[in-house]
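Engineer: Please read through the structure below; I'll follow up with questions.
The values are calculated or read from the model by the stated rules, or taken from the named source; none is laboratory data. On a predicted model such as this, the values are computed, not experimentally measured, just so you know. Don't worry about glycine lacking a Cβ; one is built from the backbone with ideal geometry, like all the others, and counts go over all protein chains shown. Remember, those area values only see protein heavy atoms, side chains included, never the ligands or the DNA or RNA. Shrake-Rupley method; radii C 1.70, N 1.55, O 1.52, S 1.80 Å.
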Amino acid sequence: MTVRGFQLIGLVALGLLASAAQAQTQTWERLIRPGLTYRMEIDLGMPRVIHALRYTPGAPGLSARPELAQPTVFNPGEPTNGRATLTQVVQRTQALAGINADFFPWTGDPIGLMVRSGELVSVPYQARGVFAWGSGYRYFGPATFAGRATVNGEDVAINGVNQEAGENQVILNAPIAGVASAPKGSAVHVILKTADRVTPGGTLTGEVTQVVAEQVRQPVEAGTVVLTATGTQVPRVAQWAPGTQVTVRLQVGNIDWSKASMAVAGGPVLLPRMNLQAEGIGADFSTTRHPRTAIGRTPAGDIWLVVVDGRQSMSRGASLPELTEIMSRLGCNEALNLDGGGSTGLNIMGLSVNRPSGGIERAIANTLLLFGPMPESDANAQFVIRGVPRLTAGQSATYAVVDQEGQNVPLREVIWAASDAGWIDQAGILRTLQPGVAKIQALVRGKIVSVEVTVEAAPGAPAAAPAGSGSGSGGGRG
């Protein structure tokens, strides 16, 4: 009797613990269109907030491709030099949704591999992981690069594509670079006329039309490529007179380019196995919790695009082992870490769904976007967000989207986001963080509506600390 009573009490206690744990963790899913679903998870115990997109390749009308932040890699005439926010890229390209992609050196040049619709935009960095795909083909793993330019049987090594030339290097720049650039000092730009594309596994032939010496930047016009040489490599190419025929061969290895037409990079590979040393990534970057972005694939072929908010009181972020566990829990057997920190972002139809750690979106170099028909919307439909206009810091309140008839829009048709002084879940519950203004936004039937809620300081409360910031950089080109 006593034993049975003890067992019963133990079972009741376990049940209470399970209920408490369940109350601390909540999940919502919203269908954007067939083949594309948004998912939000919150763990109040950690705390941690996860946003994700599940995409089914082959779903009617849907496609995925990497995209530069701006039409060209470099744009020296503006402060970000070719970068833009994820929201700006989604709006410019009219994408359905997307996430941030590769690390970058504070320009529009992705550090690692990028291939867009068969065009080589950026070459691999060291042995960092990449994700390449095409019709029925997927690859997660490292990639290699080799390139050479040949004139009269003599080879000159090409060290990179569409990037600023480093010391004693030769860089091939295509029109998508915008400009060919080199450090101040001795540099030569050899302009080749060509009708060929720059591809990750092909040959390009061109004719020298001009050799430009000691110029930091050289525009790359349509129908041309520019070979930029620095230091010890200058004499090797400066002798190529106009009319010289040049053959360029580029090879990105480990990937079947007869099947793949797209690729993005990051690092490290998370699944099936993480190897920090092989990818040149430090242990601290792995073990410290940061905002994170990742992409993964399930055995059934679904693709997960995942971001984890971090460096905030409502979400600590994730270490790389924790991110690996998240991707595995979502059913992925292959996964790759992308840039994180202040770059982490997930956007749906122009709505920034997650909360950037620096308080505002960071301008990034490239993205991974999903395209397809936009959900049908009524141009005459009007929506507003209803709820209390003022709260005290630490309080919560529920908000709803109301149509022009005064009827609440069902939650399944609404995707919520909030910034500044509060954050919101997909039940429409705003949780305030600090005094200020909480901006609530809702994506409903293809439209974004917003409202501002004043958050007042609790009597006697200390001043709020500023939001965290910083990059999740794992290193740049050497």
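Engineer: Being within 16 Å of the chain's Cα centre (by Cα), at pLDDT 95 or above, buried (at least 24 other Cβ atoms within 10 Å of the Cβ) and part of a loop (DSSP other than H, G, I, E, B): is that true of Gly98 here?
Structural biologist: no
Engineer: Answer yes or no as to whether Ile255 is open to solvent by less than 40 Å² (accessible area, probe 1.4 Å), hydrophobic (A, V, I, L, M, F, W, C) and in contact (Cβ under 8 Å) with a residue 60 or more places away in the chain.
Structural biologist: Here the answer is yes, as Ile255 does meet what is asked.
Engineer: Sticking with this structure for a sec: So, in the stretch 298-330, exactly how many residues are closer than 19 Å to Tyr139 by Cβ and in a loop (DSSP other than H, G, I, E, B)?
Structural biologist: Going through the stretch 298-330 one residue at a time, the tally reaches 5.
Engineer: Then there is this: Identify, please: which residue in the stretch 178-187 is assigned to a strand (DSSP E or B) and in contact with an Asp or Glu (Cβ under 8 Å, 6 or more places away or on another chain) and is, among those, farthest from Val225 (Cα to Cα)?
Structural biologist: Once the filter is applied, the top-ranked residue is Ala187.
Engineer: Considering only residues of the stretch 239-252 that are within 39 Å of the chain's Cα centre (by Cα) and more than 29 Å from Phe131 (Cβ to Cβ), which is least open to solvent (accessible area, probe 1.4 Å)?
Structural biologist: Of the residues in the stretch 239-252, the ones within 39 Å of the chain's Cα centre (by Cα) are 246-252.
Now drop any that are not more than 29 Å from Phe131 (Cβ to Cβ), which leaves 246-247.
On the way: Val246: 2, Thr247: 36 Å².
Of everything passing the filter in the stretch 239-252, Val246 is least open to solvent (accessible area, probe 1.4 Å).
Engineer: Just checking, how many residues over the stretch 209-238 are at pLDDT below 95, exposed (fewer than 13 other Cβ atoms within 10 Å of the Cβ) and part of a loop (DSSP other than H, G, I, E, B)?
Structural biologist: Final tally of qualifying residues: 1.
Engineer: Could I ask something else about it? Looking only at the stretch 4-14, decide whether some residue is over 24 Å from Pro291 (Cα atoms), open to solvent by 60 Å² or more (accessible area, probe 1.4 Å), modelled with pLDDT of 95 or more and of a type outside the set (Val, Ile, Thr). Walk me through it before giving the result.
Structural biologist: The initial filter retains those residues of the stretch 4-14 that are over 24 Å from Pro291 (Cα atoms), namely 4-14.
Now narrow it down to the ones that are open to solvent by 60 Å² or more (accessible area, probe 1.4 Å): 4, 6-9, 11-12, 14.
Next, only the ones that are modelled with pLDDT of 95 or more stay: none.
No, the stretch 4-14 contains no residue that is over 24 Å from Pro291 (Cα atoms), open to solvent by 60 Å² or more (accessible area, probe 1.4 Å), modelled with pLDDT of 95 or more and of a type outside the set (Val, Ile, Thr).
Engineer: Being of a type outside the set (D, E, K, R) and crowded, with 16+ Cβ neighbours inside 10 Å is the filter here, so list the residues in the stretch 145-165 that pass it.
Structural biologist: If the condition is that a residue be of a type outside the set (D, E, K, R) and crowded, with 16+ Cβ neighbours inside 10 Å, then Phe145, Gly147, Ala149, Val151, Val156, Ile158, Asn159, Gly160, Val161, Asn162, Gln163, Ala165 are the ones that fit.
Engineer: Would you call Val123 surrounded by 19 or more Cβ atoms within 10 Å (Cβ to Cβ) and either modelled with pLDDT of 95 or more or of a type in the set (Lys, Arg) (or both)?
Structural biologist: Yes: the conditions hold for Val123.
Engineer: In the stretch 280-300, which residue that is within 17 Å of Phe103 (Cα to Cα) and in contact with a strand residue (DSSP E or B) (Cβ under 6 Å, 6 or more places away or on another chain) is most open to solvent (accessible area, probe 1.4 Å)?
Structural biologist: If we take residues in the stretch 280-300 being within 17 Å of Phe103 (Cα to Cα) and in contact with a strand residue (DSSP E or B) (Cβ under 6 Å, 6 or more places away or on another chain), then His290 is most open to solvent (accessible area, probe 1.4 Å).
Engineer: If I go through the stretch 195-208 residue by residue, how many of them are of a type in the set (A, V, I, L, M, F, W, C), surrounded by 14 or more Cβ atoms within 10 Å (Cβ to Cβ) and in contact with a Gly (Cβ under 8 Å, 6 or more places away or on another chain)?
Structural biologist: Within the stretch 195-208, the subset of a type in the set (A, V, I, L, M, F, W, C) is 195, 198, 204, 208.
So of that shortlist, the ones also surrounded by 14 or more Cβ atoms within 10 Å (Cβ to Cβ) come out as 198, 204, 208.
Those still in the list that are in contact with a Gly (Cβ under 8 Å, 6 or more places away or on another chain) too: 208.
Result for the stretch 195-208: 1.
Engineer: Any idea which of (1) out of contact with any Pro (no Cβ under 9 Å at 6 or more places or on another chain); (2) on the phi < 0 side of the Ramachandran plot; (3) in a loop (DSSP other than H, G, I, E, B); (4) touching a residue at least 60 places away in the same chain (Cβ under 8 Å) is the one Ala165 doesn't satisfy?
Structural biologist: Result: Ala165 passes all but (1).
Engineer: Just checking, how many residues over the stretch 399-443 are free of Cβ contacts under 8 Å to residues at least 12 places away in the same chain, among the charged types (D, E, K, R) and touching a strand residue (DSSP E or B) at 6+ places or on another chain (Cβ under 7 Å)?
Structural biologist: 0
Engineer: Among the residues of the stretch 331-355, what is the count of those that are under 14 Å from Thr85 (Cβ atoms) and assigned to a strand (DSSP E or B)?
Structural biologist: Total meeting the criteria: 4.
Engineer: Please verify whether Ser328 is farther than 18 Å from Val49 by Cβ, modelled with pLDDT of 95 or more and of a type in the set (Gly, Ala, Ser), treating the condition exactly as stated.
Structural biologist: yes
Engineer: If you go through the stretch 261-277 one residue at a time, how many are surrounded by fewer than 22 Cβ atoms within 10 Å (Cβ to Cβ) and within 25 Å of Arg197 (Cα to Cα)?
Structural biologist: 2
Engineer: When Arg138 is evaluated against the numbered criteria (1) farther than 10 Å from Ala365 by Cβ; (2) part of a loop (DSSP other than H, G, I, E, B); (3) not hydroxyl-bearing (Ser, Thr, Tyr), which criterion, by number, is the only one it fails?
Structural biologist: Just one mismatch for Arg138, condition (2).
Engineer: Go through the stretch 257-305 residue by residue and tally those that are closer than 22 Å to Leu86 by Cα and of a type in the set (Val, Ile, Thr).
Structural biologist: Looking only at that region, the number is 4.
Engineer: Quick one: in the stretch 277-294, of everything that is part of a loop (DSSP other than H, G, I, E, B) and touching a Ser or Thr at 6+ places or on another chain (Cβ under 6 Å), which residue is farthest from Leu227 (Cα to Cα)? Step through it out loud before you land on a result.
Structural biologist: Quick first cut of the stretch 277-294, residues part of a loop (DSSP other than H, G, I, E, B) only: 277-282, 288-289, 291.
Pick out the ones that are also touching a Ser or Thr at 6+ places or on another chain (Cβ under 6 Å) and you get 289, 291.
On the way: Arg289: 41, Pro291: 38 Å.
Of everything passing the filter in the stretch 277-294, Arg289 is farthest from Leu227 (Cα to Cα).
Engineer: List the number of the failed condition for Ile326; all other conditions in (1) crowded, with 19+ Cβ neighbours inside 10 Å; (2) in contact with a strand residue (DSSP E or B) (Cβ under 7 Å, 6 or more places away or on another chain); (3) closer than 16 Å to Leu113 by Cβ hold.
Structural biologist: Evaluating Ile326 over (1) crowded, with 19+ Cβ neighbours inside 10 Å; (2) in contact with a strand residue (DSSP E or B) (Cβ under 7 Å, 6 or more places away or on another chain); (3) closer than 16 Å to Leu113 by Cβ leaves (3) as the failure.
Engineer: Next question. Given (1) open to solvent by 10 Å² or more (accessible area, probe 1.4 Å); (2) within 22 Å of Glu41 (Cα to Cα); (3) within 26 Å of the chain's Cα centre (by Cα), identify the lone condition not met by Leu433.
Structural biologist: Going through the list (1) open to solvent by 10 Å² or more (accessible area, probe 1.4 Å); (2) within 22 Å of Glu41 (Cα to Cα); (3) within 26 Å of the chain's Cα centre (by Cα), Leu433 breaks only (3).
Engineer: Of all residues in the stretch 358-371, which are touching a strand residue (DSSP E or B) at 6+ places or on another chain (Cβ under 6 Å), open to solvent by less than 10 Å² (accessible area, probe 1.4 Å) and more than 20 Å from Tyr38 (Cβ to Cβ)?
Structural biologist: Matches in the stretch 358-371: Ile364, Asn366.
Engineer: Within the stretch 37-55, track down each residue that is farther than 19 Å from Gln24 by Cα and open to solvent by 50 Å² or more (accessible area, probe 1.4 Å).
Structural biologist: Selection gives Arg54 alone.
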